[in-house]
Amino acid sequence: QLGLDPQQGIEARLLARAQADGKRIVGLETFESQLRTLDSLPARDQARFLLVTLEDAEEIPAHLETLLQAWRRGDVATLERELLASLREQPALYARLLVDRNRNWTAQLQRLAERGGSYLVIVGALHLVGDDSVLAMLQRRGYPSRQLRD
């Protein structure tokens, strides 16, 4: 009803390209592990998350446009503010949905780096901004990063 098509997202396009090119594709987590993450939250936190999502549903298209424009400009401050504001208001959700998963992914990425080779890693923008981001965690482990621009 919101007019959003997940097949038009960048993840779907990159996945299709990788498959067409015969690239090996490995996930940092499974769909089942994502569900377990949400299920591990107390019932009241799950209900609050669902309620907030439903209450904000009408604003999603405008919010996505703001995020897209910030992403195109490389505006990390806006991305961080827009992506993390409501999540930080729910500490249990923030910890499980973001921090715990980012720690897990960071450990996996460090193992890949130690193995050597080239990898394309695709994660949502939520995981790339803020002090608890995958990038920040990798930097604290001694792996530098920099923002690329056209």
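Summary table below
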| item | result |
| --- | --- |
| Residue match in the range 39-51 (condition: closer than 23 Å to ALA12 by Cα and in contact with a Leu (Cβ under 8 Å, 6 or more places away or on another chain)) | no |
| Filter pass, ALA77 being free of Cβ contacts under 8 Å to residues at least 60 places away in the same chain, surrounded by fewer than 11 Cβ atoms within 10 Å (Cβ to Cβ), under 21 Å from LEU128 (Cα atoms) and of a type in the set (A, V, I, L, M) | yes |
| Subset of the range 116-131 [surrounded by fewer than 18 Cβ atoms within 10 Å (Cβ to Cβ) and at pLDDT 95 or above] | ASP131 |
| Qualifying residue in the range 19-38 (condition: surrounded by 11 or more Cβ atoms within 10 Å (Cβ to Cβ), of a type in the set (Ser, Thr, Tyr), closer than 22 Å to SER133 by Cα and touching a helix residue (DSSP H, G or I) at 6+ places or on another chain (Cβ under 6 Å)) | yes |
| Sole residue being without any contact (Cβ under 8 Å) to a residue 60 or more places away in the chain and more than 20 Å from ILE10 (Cα to Cα), chosen from VAL99, VAL129, VAL134 | VAL99 |
| Any hit, the range 15-27, residues being over 17 Å from the mean Cα position of the chain (by Cα) and on the phi > 0 side of the Ramachandran plot | yes |
| Enumerated helices (runs of 4 or more DSSP H) restricted to the range 11-96, each holding at least 1 residues that are within 18 Å of VAL121 (Cα to Cα) | 31-39, 60-73 |
| Hits in the range 91-141 - residues which are on the phi < 0 side of the Ramachandran plot, under 13 Å from the mean Cα position of the chain (by Cα) and among the small types (Gly, Ala, Ser) | GLY124, ALA125, SER133 |
| Residue list for the range 97-127, filter: farther than 20 Å from ALA85 by Cα and not in a helix (DSSP H, G or I) | GLY116, GLY117, SER118, TYR119, LEU120, VAL121, ILE122 |
| Subset of the range 9-60 [closer than 24 Å to ALA95 by Cβ, polar (S, T, N, Q) and modelled with pLDDT of 85 or more] | THR30, SER33, GLN34, THR37, SER40 |
| For LEU98: the one exception among (1) closer than 22 Å to MET137 by Cβ; (2) touching a helix residue (DSSP H, G or I) at 6+ places or on another chain (Cβ under 6 Å) | (2) |
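The values are calculated or read from the model by the stated rules, or taken from the named source; none is laboratory data. It should be emphasised that the depicted structure is a prediction, and the values quoted were computed from it without experimental measurement. Methodologically, a virtual Cβ is constructed for each residue, glycine included, from the backbone with ideal geometry; neighbour enumeration extends over all protein chains shown.
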